[in-house]
Amino acid sequence: LCDLSQGIFEKGVSQGFNQGIIVGTVETLREDGKDDKVIVERIMRKYHLTRAEAEAYVLETCAV
């Protein structure tokens, strides 16, 4: 059970870290004056996301 818990914890940390990088990228590109459509395209390419996933990150940063 300890190994299972550790694996779940590590997966969660990794996912959170990755999400933080993506959200940070969106915020940085916005600060540089990039349009949301450009941001979606860039994070799709860089992080190998679908359009829907990329748009969700862009929308998420609007709410923050």
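Taken together, the values in this text are just the output of simple stated rules run on the coordinates, not laboratory data. Just so you know, these numbers come straight off a predicted model, no measurement behind them.
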Give the cross-link partners of K11 among the lysines, using a straight C-alpha distance below 22 Å as the criterion and excluding same-chain residues fewer than 8 apart. K46
3J(HN,Hα) from dihedral phi, the stretch 27-38, Karplus parametrisation 6.51/-1.76/1.60, rounded to Hz, x for glycine, proline: 5, 5, 5, 5, 4, 7, x, 6, 6, 4, 5, 5
